[in-house]
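**Q** What follows is a single structure, and I will ask about it in a moment.
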Number of protein chains: 2
Amino acid sequence: MSLLMVGTMAFDALETPFGKVDRIVGGSGTYATWAASNFIKPIKEVSIIGGDFPQEEITQLQARGVEFEGVEVVPDGKSFFWSGRYHLDMNTRDTLVTELNVLAQFDPKIPGSYQDCEYVMLGNLAPSIQISVLKQMHKRPKFIIMDTMNFWMDIAMDELKTVLGMVDLLMVNDSEARQLSGEHSIVKAAKKIQAMGPKHVIIKKGEHGALLFHGDKIFSAPALPLEDVFDPTGAGDTFAGGFIGYLARIKDTSFESMKAAVIIGSAMASFCVEKFGPTRMKEINGADIDARVKEFVDLANFEIRN
Amino acid sequence: MSLLMVGTMAFDALETPFGKVDRIVGGSGTYATWAASNFIKPIKEVSIIGGDFPQEEITQLQARGVEFEGVEVVPDGKSFFWSGRYHLDMNTRDTLVTELNVLAQFDPKIPGSYQDCEYVMLGNLAPSIQISVLKQMHKRPKFIIMDTMNFWMDIAMDELKTVLGMVDLLMVNDSEARQLSGEHSIVKAAKKIQAMGPKHVIIKKGEHGALLFHGDKIFSAPALPLEDVFDPTGAGDTFAGGFIGYLARIKDTSFESMKAAVIIGSAMASFCVEKFGPTRMKEINGADIDARVKEFVDLANFEIRN
């Protein structure tokens, strides 16, 4: 049961109240793939990188079962670059620099060997690229999740609505859900978004956790209460990667399984924010993940006695 | 196992995006008592009211096992009055009028018949009044919880710190926790507050639920996702009343029991916001509460498969 992963593989420069890095590997595809690779292999990656993208990162990912046939390399091009600075509360950030570089010419080609993927994650990219990927699949995959952002709502709402009609699940943060739906109430927003296509909606609320909606069912997952968030970059992508990786592993998309997947995604995200970039993702093992998931059980579990 | 309840019994005028009421019964003691009376009797009330407080409200509460010997009646005085207007997001409100009336002369006298109370709730009042109540108890009650607000941090911080040293649990909202501790991180704030005295801290986050802290243990309770909050007035007091009423009923203050009590409090608060004032509190029965608690179980429950 392989996983098709579409997203950026890039460089970031990050500045948080705890320090800064000038150049660290990043991108939605990178984060989500590191997270998902704890649960499922192979992961069939679709992305575009420049000749500057480190071979070591590719080798590490390949060792975890990630396939690169669908990753276009532009030898004399530069990888996508983003630079941002977080405010003290870590909930808001300023984008300092966005250099599309090779991403500007991204026109993904899905290799024949990728056609067997039953689970698909469309990372945050132009809706036209997300559509192109899905149109290239000969058979409709079993479960497709997508991420997006306010930027695409501002400049490509029609195409975004087209993708929404093609996927099973949208995950966005609360402000994006409000913008997309025009509703302030998160419950109303989720209902409106479900009416746009995706039968499942996850609304991420940062330190307040995440809500999963499906029909009239709702699941509320806590975030791990942390004294400090060192670097929130990639937490959402890591959440998504843990979520879809776990679903692909257990081969089940019932609401009960999806609840568990939200907890797995939240656990992976709680590691991600502990160090700069995907650093922490490369250090943890299965025992670390099990222990962290157990923390979520203790955090959310209760029993009513009369 | 009786419960000592200290709080205001008052009138409110309320304006929300859904409507307005000019004069409805309110007050921290009223809300908390209605909620707690679903779980425990007797409730021994300590408050002060004017001759204008409706006898019908008193009769209704007495029928639910609430004792009024400790409620001072000032026949020619007026009950405390508060008027507020909620903004569209329901998270912020403007106080339009505060008339202390008889509350200005509140000097509670604890009757001898109240000395057997093992559970005590100190509603949001001047810290000097909270201290006076505790000093009048001949024997240290088994479990004392308190509420407070930013107003007392501004004008009576020393006395507030004295009460904090006398209680087992403080419940405040997130902005109050930040002001009291000087910490932005909720986890750090809870630790600092624990160091001030209360071994347990509950931080209420409105639509994002509540966190319970005890030592290094944390429990995260969701709020019920609602399409609309009709009137948030009294939700915090109702939460507190459900919490302490349930603890007094099961006669246990272990962390596991306290987790359940947070869920009970959250369920009671979710009823409170459905109509103006304590209206909804007077309508619901045990079956309604059981069904609502079941919604919380479904909302928060998950099981991880490998």
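**Q** Tell me, please, whether a residue that is more than 20 Å from the chain's Cα centre (by Cα) and surrounded by 14 or more Cβ atoms within 10 Å (Cβ to Cβ) can be found in region B:119-130.
**A** No: region B:119-130 contains no residue that is more than 20 Å from the chain's Cα centre (by Cα) and surrounded by 14 or more Cβ atoms within 10 Å (Cβ to Cβ).
**Q** Something else about it: Scan region A:60-78 and tell me whether some residue there is surrounded by 19 or more Cβ atoms within 10 Å (Cβ to Cβ), touching an Asp or Glu at 6+ places or on another chain (Cβ under 6 Å), more than 24 Å from A:MET1 (Cα to Cα) and in contact (Cβ under 8 Å) with a residue 12 or more places away in the chain.
**A** no
**Q** Only residues that are crowded, with 20+ Cβ neighbours inside 10 Å and either away from chain B (no Cβ under 11 Å) or in contact with a strand residue (DSSP E or B) (Cβ under 8 Å, 6 or more places away or on another chain) (or both): list them for region A:254-275, please.
**A** A:MET258, A:LYS259, A:VAL262, A:ILE263, A:GLY265, A:SER266, A:MET268, A:ALA269, A:SER270, A:PHE271, A:CYS272, A:VAL273
**Q** Also, quick follow-up: Being exposed (fewer than 12 other Cβ atoms within 10 Å of the Cβ), within 22 Å of A:GLU57 (Cα to Cα) and modelled with pLDDT of 95 or more is the requirement here; does A:PRO111 meet it?
**A** no
**Q** Limited to region B:237-259, what total is found for residues that are polar (S, T, N, Q) and without any contact (Cβ under 8 Å) to a residue 12 or more places away in the chain?
**A** Going through region B:237-259 one residue at a time, the tally reaches 2.
**Q** Next up: Which condition does B:SER175 not pass, out of (1) at the interface with another protein chain (Cβ under 10 Å from one of its Cβ atoms); (2) within 29 Å of A:PHE213 (Cα to Cα); (3) surrounded by fewer than 23 Cβ atoms within 10 Å (Cβ to Cβ), if it passes all the others?
**A** With (1) at the interface with another protein chain (Cβ under 10 Å from one of its Cβ atoms); (2) within 29 Å of A:PHE213 (Cα to Cα); (3) surrounded by fewer than 23 Cβ atoms within 10 Å (Cβ to Cβ) applied to B:SER175, the lone miss is (1).
**Q** Right, B:ILE49: surrounded by fewer than 22 Cβ atoms within 10 Å (Cβ to Cβ), in a strand (DSSP E or B) and of a type in the set (Val, Ile, Thr) or not?
**A** Judged against the criteria, B:ILE49 is not a match.
**Q** Being touching a His at 6+ places or on another chain (Cβ under 9 Å) and touching a residue at least 24 places away in the same chain (Cβ under 8 Å), is that true of even one residue in region A:189-197?
**A** Looking for residues that are touching a His at 6+ places or on another chain (Cβ under 9 Å) and touching a residue at least 24 places away in the same chain (Cβ under 8 Å), one finds none in region A:189-197, hence no.
**Q** To continue, here is another question. Taking the stated definitions as given, is B:ILE244 aliphatic (A, V, I, L, M), touching a helix residue (DSSP H, G or I) at 6+ places or on another chain (Cβ under 7 Å) and either within 8 Å of chain A (Cβ to nearest Cβ) or surrounded by fewer than 23 Cβ atoms within 10 Å (Cβ to Cβ) (or both)?
**A** No; evaluated as a whole, the condition is false for this residue.
**Q** If you scan region B:209-237, which residues turn out to be facing chain A (nearest Cβ under 9 Å), buried (at least 23 other Cβ atoms within 10 Å of the Cβ) and in a strand (DSSP E or B)?
**A** B:LEU211, B:PHE213, B:PHE219, B:SER220, B:ALA221
The values are calculated or read from the model by the stated rules, or taken from the named source; none is laboratory data. Source: prediction; values computed, not measured. Cβ coordinates were reconstructed from backbone atoms using ideal geometry, including for glycine residues, and neighbour counts include every protein chain displayed.
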